[in-house]
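Colleague: I'd like to ask you about the structure that follows.
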Amino acid sequence: MAAIISISNLTKTYASGHPALKRVDLEIHQGEIFALLGPNGAGKTTLINIVCGIVTPSAGTILAAGHDIQRDYRAARAKIGLVPQELSTDAFESVWATVSFSRGLFGHAPKPAYIEQVLRDLSLWDKRQNRIMTLSGGMKRRVMIAKALAHEPQILFLDEPTAGVDVELRRDMWALVRRLRENGVTIILTTHYIDEAEEMADRIGVIDKGELILVEEKSTLMKKLGKKQLTLNLSEPLAAIPSELGDWHLVLNGGGTELEYTFDAVDERAGIPALLQRMSDLGIRFKDLHTRQSSLEDIFVSLVSDRSGG
Amino acid sequence: MSNLAFNRHSVWAIYKFEMARALRTLFQSIIAPVITTSLYFVVFGAAIGARMTQVDGVPYGAFIVPGLIMLSLFTQSISNASFGIYFPKFTGTIYELLSAPVSFLEIVVAYVGAAASKSIALGLIILATAALFVPVRIQHPLWMIAFLVLTAATFSLFGFIIGIWAKNFEQLQFIPMLIITPLTFLGGAFYSIDMLPPAWRTVTLFNPVVYLISGFRWSFHESADVSVELSLAMTLGFFAVCLAVVGWMFKTGYRLKS
Ligand SMILES: Nc1ncnc2c1ncn2[C@@H]1O[C@H](COP(=O)(O)OP(=O)(O)OP(=O)(O)O)[C@@H](O)[C@H]1O
Ligand SMILES: [Mg+2]
């Protein structure tokens with residue numbers, strides 16, 4: 001797949017001496033939704049701000065849509081839209097004026113029909129004449145998204161778009177992101193809601209302490225690192241796990257009423273039928289069972305805590 | 001689009017945005033200077049001017065008109081332009097400007113152009129107000145306009161630098177209040193430096209504002225403390241220095257980018 005953004009050897013050390021990014025290499029594919037995950041202070045915003053021209057890199061090169069973001073900044077930036085993490089908007093301007101301003105600022109002639117479409121898509125049309133300061137926080141966030149879309153960017157950065165946003169707006173935003181992707185827009189988002197990345201992203205990158213520690217297709221990642229768990233609710237409690245079931249490394253929970261079997265998702269052959277057969281041979285009966293696949297969140301937590309542990 | 005092209009939509013968007021900001025407070029922006037100017041005329045023109053007959057053959061009331069316009073032009077240009085760029089830094093909306101496909105020259109043309117437009121309009125309003133109090137004659141109207149525009153642009157550029165440099169509202173006020181206003185008062189806004197004792201006159205010639213006011217006054221009354229050419233050269237020189245500083249600020253990201 002063609003790379004729409006190629007980052008190589010990107011390093012950023014802030015004036016304070018803090019190394020926020022350490023030799024990061026990353027390619028974003030044309031048309032994908034890429035989720036950048038990482039704990040607070042990992043360097044996500046720094047990375048985004050460098051690509052968008054807000055922070056100066058200490059070293060490294062970045063191409064956006066084939067243009068060097070420093071040498072050829074005009075062409076590169078014209079393709080990029082940014083919704084920053086911080087909610088910062090004008091106060092006295094109307095929604096319509098501020099979104100139209102953004103389109104002009106990015107070098108485009110006015111196109112009221114397009115601005116109208118964007119405002120309608122974001123449920124802002126009724127508010128177009130309102131001053132921004134009279135809007136709620138969630139509405140302001142929509143305004144910021146509308147501003148970022150005003151110049152019809154091919155690449156959209158969403159830095160924690162759903163922080164402090166209610167469930168409905170979150171759903172709306174996911175729907176919008178999907179629509180944009182269908183129209184060929186490449187989307188890079190950061191989030192602390194891992195379920196969001198799991199729901200939305202095609203690929204996932206994890207950044208920690210300025211290092212990109214993993215980039216993977218979401219599905220591969222889930223397969224590779226995901227664990228499945230089978231829980232059996234027993235009809236009668238067991239005092240201990242019978243030695244005949246030793247092969248499965250079971251765990252006994254709930255005062256002897258729950259048997260838990262953890263297995264690799266890749267390793268589906270792992271013998272559930274055999275386990276159930278053996279249990280019935282031993283006369284252990286169960287009244288219910290369920291399986292659970294570990295979420296991206298579990299994967300993420302284990303990744304990051306492994307690193308800080310050692 | 002090449003980096004060298006001129007992005008008129010961007011410039012126009014910023015210019016319009018800045019002018020809209022001024023229009024929202026149109027009443028204050030006009031009424032305040034009109035009142036201030038009237039006060040100056042009451043105090044300097046009527047009360048003091050009645051006892052001072054003429055300066056360089058010009059009635060005192062008319063003599064102070066150029067100085068008065070210049071004083072407002074300096075302070076308003078600086079405050080317009082510094083506020084225009086400081087405020088987005090303060091609220092965080094500067095992210096959009098920094099991420100936009102605009103060159104530093106376009107940003108400067110738009111912000112400085114808007115600030116200068118406002119102070120030029122203000123200068124003309126003050127001139128009209130002055131004409132209500134004293135007979136104003138302008139010997140060289142074209143030069144008058146040229147100095148007006150150039151000074152407004154230069155001080156707007158200077159204000160733009162202050163806006164980028166300032167880390168808080170105190171610093172924003174600091175230079176206009178503590179440097180520009182005193183230098184203007186001491187720079188012959190309200191008197192000819194010929195009226196000073198020789199020693200003071202020499203000291204005064206180190207005040208750059210003298211050169212800026214002198215050319216403007218010459219366009220009104222044909223009386224000047226220093227030659228018009230020198231006055232023009234000094235103004236252009238100051239403009240060039242400010243432009244170079246802004247260029248450097250954008251190149252290095254000084255207090256704009258981390
Ligand atoms: N302007 C700055 N000057 C100095 N250090 C900074 C600056 N901006 C960020 N940092 C530091 O760089 C590191 C990375 O910050 P960054 O904002 O990129 O993190 P993040 O991954 O976006 O975190 P979060 O999830 O909290 O938004 C942090 O340690 C932060 O303190
Ligand atoms: Mg961040």
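Colleague: Which residue, of A:Val177, A:Val167, is among the β-branched types (Val, Ile, Thr), surrounded by fewer than 18 Cβ atoms within 10 Å (Cβ to Cβ) and either more than 14 Å from chain B (Cβ to nearest Cβ) or within 16 Å of ligand 2 (Cβ to nearest atom) (or both)? Lay out the reasoning, then the answer.
Modeller: Working: A:Val177 fails: surrounded by fewer than 18 Cβ atoms within 10 Å (Cβ to Cβ).
Going through A:Val177, A:Val167 in turn, the sole match is A:Val167.
Colleague: May I pose another question? Has segment A:90-105 got any residue that is in a strand (DSSP E or B), open to solvent by less than 30 Å² (accessible area, probe 1.4 Å) and within 7 Å of chain B (Cβ to nearest Cβ)?
Modeller: First pass over segment A:90-105, keeping only residues in a strand (DSSP E or B): A:94.
Imposing the further condition that a residue be open to solvent by less than 30 Å² (accessible area, probe 1.4 Å) reduces the set to A:94.
Remaining after also requiring within 7 Å of chain B (Cβ to nearest Cβ): none.
For segment A:90-105, residues in a strand (DSSP E or B), open to solvent by less than 30 Å² (accessible area, probe 1.4 Å) and within 7 Å of chain B (Cβ to nearest Cβ): absent.
Colleague: Give A:Glu199, A:Glu160, A:Glu216 a once-over and let me know the one that is among the charged types (D, E, K, R), in contact with a His (Cβ under 8 Å, 6 or more places away or on another chain) and either in the same structural domain as A:Pro39 (by TED's automatic domain parsing) or closer than 23 Å to A:Leu82 by Cβ (or both).
Modeller: Details: A:Glu199 fails: in contact with a His (Cβ under 8 Å, 6 or more places away or on another chain); A:Glu216 fails: in contact with a His (Cβ under 8 Å, 6 or more places away or on another chain).
Step by step, each of A:Glu199, A:Glu160, A:Glu216 is checked, and only A:Glu160 is among the charged types (D, E, K, R), in contact with a His (Cβ under 8 Å, 6 or more places away or on another chain) and either in the same structural domain as A:Pro39 (by TED's automatic domain parsing) or closer than 23 Å to A:Leu82 by Cβ (or both).
Colleague: Restrict the check to segment A:149-164 and report whether at least one residue is more than 30 Å from A:Gln30 (Cβ to Cβ) and open to solvent by 70 Å² or more (accessible area, probe 1.4 Å).
Modeller: Yes, the conditions are met somewhere in segment A:149-164.
Colleague: Checking the conditions here, which among A:Leu10, A:Leu36 is outside any loop (DSSP other than H, G, I, E, B), farther than 18 Å from A:Ala76 by Cβ and open to solvent by less than 10 Å² (accessible area, probe 1.4 Å)? It would help to see each step written out before you state the result.
Modeller: On the way: A:Leu10 fails: farther than 18 Å from A:Ala76 by Cβ.
The unique qualifying residue is A:Leu36.
Colleague: Next question, about the same structure. (1) in contact (Cβ under 8 Å) with a residue 12 or more places away in the chain; (2) within 21 Å of the chain's Cα centre (by Cα): which one isn't true of B:Thr25, the others all being true?
Modeller: (1)
Colleague: Looking at B:Phe6, is it in contact (Cβ under 8 Å) with a residue 60 or more places away in the chain, open to solvent by 10 Å² or more (accessible area, probe 1.4 Å) and assigned to a helix (DSSP H, G or I)?
Modeller: Working: in contact (Cβ under 8 Å) with a residue 60 or more places away in the chain: yes; open to solvent by 10 Å² or more (accessible area, probe 1.4 Å): yes; assigned to a helix (DSSP H, G or I): no.
So B:Phe6 does not fit the description; no.
Colleague: Follow-up. Take the residues of segment A:80-89 that are away from ligand 2 (no atom under 16 Å from the Cβ) and buried (at least 22 other Cβ atoms within 10 Å of the Cβ): which is farthest from the other protein chains (Cβ to nearest Cβ)? Talk me through it step by step, then tell me what you get.
Modeller: Applying the first criterion (away from ligand 2 (no atom under 16 Å from the Cβ)) to segment A:80-89 yields A:80-81, A:89.
Going one step further and asking which of them are buried (at least 22 other Cβ atoms within 10 Å of the Cβ), we end up with A:80-81.
Working: A:Ile80: 7, A:Gly81: 9 Å.
For segment A:80-89, the residue satisfying everything is A:Gly81.
Colleague: Can you tell me how many residues within segment B:202-230 are within 15 Å of the chain's Cα centre (by Cα) and either more than 13 Å from B:Pro66 (Cβ to Cβ) or without any contact (Cβ under 8 Å) to a residue 40 or more places away in the chain (or both)?
Modeller: 4
Colleague: Counting just the residues of segment A:39-62 that are touching a residue at least 60 places away in the same chain (Cβ under 8 Å) and more than 12 Å from ligand 2 (Cβ to nearest atom), which one comes out surrounded by the fewest Cβ atoms within 10 Å (Cβ to Cβ)?
Modeller: Within segment A:39-62, the match that is surrounded by the fewest Cβ atoms within 10 Å (Cβ to Cβ) is A:Cys52.
Colleague: Being in a loop (DSSP other than H, G, I, E, B) and under 19 Å from A:Leu105 (Cβ atoms) is the filter here; which residues of segment A:153-167 pass it? Can you show your working first?
Modeller: Within segment A:153-167, the subset in a loop (DSSP other than H, G, I, E, B) is A:153-154, A:160-166.
The answer is A:Pro153, A:Gln154.
The values are calculated or read from the model by the stated rules, or taken from the named source; none is laboratory data. The shown structure was predicted, so the numbers you read here are calculated from the model rather than taken from an experiment. Cβ coordinates were reconstructed from backbone atoms using ideal geometry, including for glycine residues, and neighbour counts include every protein chain displayed. Side chains are part of the model used for accessible areas, which takes the heavy atoms of the whole protein and leaves out ligands, DNA and RNA. Shrake-Rupley method; radii C 1.70, N 1.55, O 1.52, S 1.80 Å.
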